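Let me begin by presenting the structure, written as structure tokens, before commenting on it.
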Amino acid sequence: MLLLTKMRLLAMADSTLQGYVGNPANGTFRWFDTQLPQGYINQGTCVTVRQVSDVQLYTQQGPIELDQVRVQIDVRDLSSVQAKTVANYINQWLSTVSFASAAQFLSPPQVPYNCPNFKLLQRSSQDFNVQPTPAWVETTDFRIFNNVNT
């Protein structure tokens, strides 16, 4: 399973993230791969994730199952305070999940072995492509250890 797919599945399972980016009325979950679809920002906070780079580790036998993926997470909202709040929660949430283990995807889910996700940077900006009111964007970069076989 792709890392971005794993991230979305675990985010959908988190009740706090459901409250921030979920909409039970129409069944949407505003967590998107790569870019924000038009019109969603008016429904509330939106999250986009994209894979920036990937370091694949090798041994003499070939690639090993653990890679290091650099992921950019953008949290957009029409309120700068809300964008920062959700971004900070995602930062905390990423310290509790592990993409190097399949434990969280089993039925029933199990507590994974700890494998760190490293926060590389966080910055604030505005998205002027969103009109008439630009959205506030809180961007965070993470280095995530991912098991490519789960």
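The values are calculated or read from the model by the stated rules, or taken from the named source; none is laboratory data. None of the values given here were measured: they were computed from a predicted structure. Side chains included, ligands, DNA and RNA excluded: accessible areas come from the protein's heavy atoms. Shrake-Rupley method; radii C 1.70, N 1.55, O 1.52, S 1.80 Å.
The base-10 log of I(q)/I(0) for the chain, evaluated at q = 0.12, 0.18 Å⁻¹, reads -0.51, -1.07 [Debye formula, identical scatterers on Cα atoms, solvent excluded]. Heavy-atom accessible area, probed at 1.4 angstrom with all protein chains present, ranks ARG123, ARG50 as ARG123, ARG50, highest first. Remark: the chain carries 55 Å² of accessible area per residue (probe radius 1.4 Å; ligands, DNA and RNA excluded).
Compared with the dominant principal axis of the Cα atoms in the chain, helix 3-13 is inclined by about 60°. Accessible surface of THR28, taken over heavy atoms with a 1.4 Å probe and every protein chain present, rounds to 30 Å².
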